[in-house]
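Enquirer: Handing you a structure now.
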Number of protein chains: 2
Amino acid sequence: MIQKTALLSPRPVRSRPTRAQTRERILNGALEAFAERGFQGATQEDICERVRLSRGAYNSNFRSKEELFFAIYDRTIERLERHLETSIASALSGPGPAVENFVRAFIAGYAFDRSWYLLQAEFGLHALRNPAVASHYAARQARILSVIEEAVCRVWSGIEPGRPHASSRVARLILAVHEGAMFQRLLEPSAIKDGELLALFAEFLVSRSVIDA
Amino acid sequence: MIQKTALLSPRPVRSRPTRAQTRERILNGALEAFAERGFQGATQEDICERVRLSRGAYNSNFRSKEELFFAIYDRTIERLERHLETSIASALSGPGPAVENFVRAFIAGYAFDRSWYLLQAEFGLHALRNPAVASHYAARQARILSVIEEAVCRVWSGIEPGRPHASSRVARLILAVHEGAMFQRLLEPSAIKDGELLALFAEFLVSRSVIDA
DNA sequence: CCATCTCAATACATACCTGTATCGAATGAT
DNA sequence: ATCATTCGATACAGGTATGTATTGAGATGG
């Protein structure tokens, strides 16, 4: 026999948000603040104001700024990874030339918005300066790279059998182009049309003879 | 007749450094400090300690942190531009395949050291956040881009007459790859051999049919 | 040789950010 | 209903960075 059933308790309306909810709100504020003011520039006050919470909530939920930074970075990179995976998967299963589909999917799936890019860039710089952070960052980036590499292999398996033995470096190359392009595009939106550099890059990629070199 | 000649005045030994000298020392300290601690993280104390000067010298020479940041960035990017120009020029005039020479020269000339990269990246992030800084950064980057584009055109003119009409975008592409590769390499030196990504990219470039597309 | 000026070092005042401690309201268990 | 607990808001203290003012040593010119 079931002792406690929720059947008769239709969850009373809480006037007080759950801990997870406030934590989430702070993460949202942190994303914005870190993106717009940088890690050092973002203050507790700044973060909390954006989501209408007090520093009490902040300090109650996160032990330190570093901890919050890691948390928001992890959340962002995980969403990014999933986003990239699904959009690549759907693109590769569609009709049309695989390479173009892949590139388009990459642009769509990895074209995280301004805040995501800025946060990731900020964390990247942080990683370059702190060896401890570097390993964390590298591990996260490795997952992104493997998603890209997997896609590269699948694309090329449709062109010729076997995986290109430079797939790892190709993945890094793709990522490098994207990061660089993303930066230039955010800086001068007028200078580069949407995904233009990646599209140009895709044309290079099509000359697949190079892959096997 | 020359009234004042320096022939008999072999510049007395100054016990006090010139203003330009101390300014230069502070710039050196700023380069290191901004690179290793970031713009916000670098303090006056930090900068001054590295070059054995007091904050008095700092505040006497620079009105604000922003001003110093701009000054050290400008100095760095100018050196970078000259470095890139000369190394490309000498490489293109040498024997061997032009594309490879160019890429090698690019790596050598633009492979500024860790501090230069970090400073530039930091300034880039700053530019993304402050529109006022963005225009300054874009102007500087435009000069770098034109140097690269010029080289691209010269390389391709040796292959076929006329300049590729996508040369501007190719230049941006090269810069994007380099920035991205530089970052990955600094983060995981073991993962990428020296200029490996750019070399791979050079192989793509060799299939010049794409350029004219 | 003296007077003036330059410039970097030191001292000071102000502002601000972080983390801790305290307080009060909402929750849910008995 | 009551009591203990959770949790976010407010108040406080410590540390630190910035910019200004002041001072004294060294240069410069008459």
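The values are calculated or read from the model by the stated rules, or taken from the named source; none is laboratory data. As the structure is a computational prediction, the values presented were derived from the model and not from experiment. FYI the Cβ positions are ideal-geometry reconstructions off the backbone, even for glycines, and counts take in every protein chain you see.
Enquirer: Every residue in region A:90-109 that is farther than 9 Å from A:Val155 by Cβ and either surrounded by 15 or more Cβ atoms within 10 Å (Cβ to Cβ) or at pLDDT below 80 (or both), please. I'd like the intermediate steps shown before the answer.
Expert: Going through region A:90-109, the residues farther than 9 Å from A:Val155 by Cβ turn out to be A:90-91, A:93-97, A:100, A:103-109.
If the condition is that a residue be farther than 9 Å from A:Val155 by Cβ and either surrounded by 15 or more Cβ atoms within 10 Å (Cβ to Cβ) or at pLDDT below 80 (or both), then A:Ala91, A:Gly96, A:Pro97, A:Glu100, A:Val103, A:Arg104, A:Ala105, A:Phe106, A:Ile107, A:Ala108, A:Gly109 are the ones that fit.
Enquirer: Within region A:169-192, restricting attention to residues that are surrounded by fewer than 21 Cβ atoms within 10 Å (Cβ to Cβ) and more than 9 Å from chain B (Cβ to nearest Cβ), which residue is modelled with the highest pLDDT?
Expert: A:Ala171
Enquirer: Hey, among the residues in region A:15-58 that are within 11 Å of DNA strand D (Cβ to nearest atom) and among the basic types (Lys, Arg), which one's modelled with the lowest pLDDT?
Expert: A:Arg16
Enquirer: Which residue, of A:Leu119, A:Leu128, A:Leu197, A:Leu145, is modelled with pLDDT under 90 and within 28 Å of B:Ser115 (Cα to Cα)? Write out each step before concluding.
Expert: On the way: A:Leu119 fails: modelled with pLDDT under 90; A:Leu128 fails: modelled with pLDDT under 90; A:Leu145 fails: modelled with pLDDT under 90.
It is A:Leu197.
Enquirer: Across region A:25-46, what is the total count of residues that are part of a helix (DSSP H, G or I) and either among the polar types (S, T, N, Q) or closer than 11 Å to A:Leu68 by Cα (or both)?
Expert: Within region A:25-46, the subset part of a helix (DSSP H, G or I) is A:25-41, A:44-46.
Pick out the ones that are also either among the polar types (S, T, N, Q) or closer than 11 Å to A:Leu68 by Cα (or both) and you get A:26-31, A:34, A:39-40, A:44.
Counting residues in region A:25-46 that are part of a helix (DSSP H, G or I) and either among the polar types (S, T, N, Q) or closer than 11 Å to A:Leu68 by Cα (or both) gives 10.
Enquirer: Now for a different question. Filter region A:59-79 for residues that are under 16 Å from A:Phe39 (Cα atoms), of a type outside the set (A, V, I, L, M), surrounded by 13 or more Cβ atoms within 10 Å (Cβ to Cβ) and within 16 Å of DNA strand D (Cβ to nearest atom) and give the result.
Expert: Answer for region A:59-79, where residues must be under 16 Å from A:Phe39 (Cα atoms), of a type outside the set (A, V, I, L, M), surrounded by 13 or more Cβ atoms within 10 Å (Cβ to Cβ) and within 16 Å of DNA strand D (Cβ to nearest atom): A:Phe62, A:Lys65.
Enquirer: Sticking with this one: Would you be able to say whether some residue in region A:75-91 is away from every other protein chain (no Cβ under 14 Å), touching a Phe, Trp or Tyr at 6+ places or on another chain (Cβ under 6 Å) and within 16 Å of DNA strand C (Cβ to nearest atom)? Give the derivation first.
Expert: Of the residues in region A:75-91, the ones away from every other protein chain (no Cβ under 14 Å) are A:75-91.
Subset that is touching a Phe, Trp or Tyr at 6+ places or on another chain (Cβ under 6 Å): A:76, A:80, A:84.
Keeping just the survivors that are within 16 Å of DNA strand C (Cβ to nearest atom) gives none.
No, region A:75-91 contains no residue that is away from every other protein chain (no Cβ under 14 Å), touching a Phe, Trp or Tyr at 6+ places or on another chain (Cβ under 6 Å) and within 16 Å of DNA strand C (Cβ to nearest atom).
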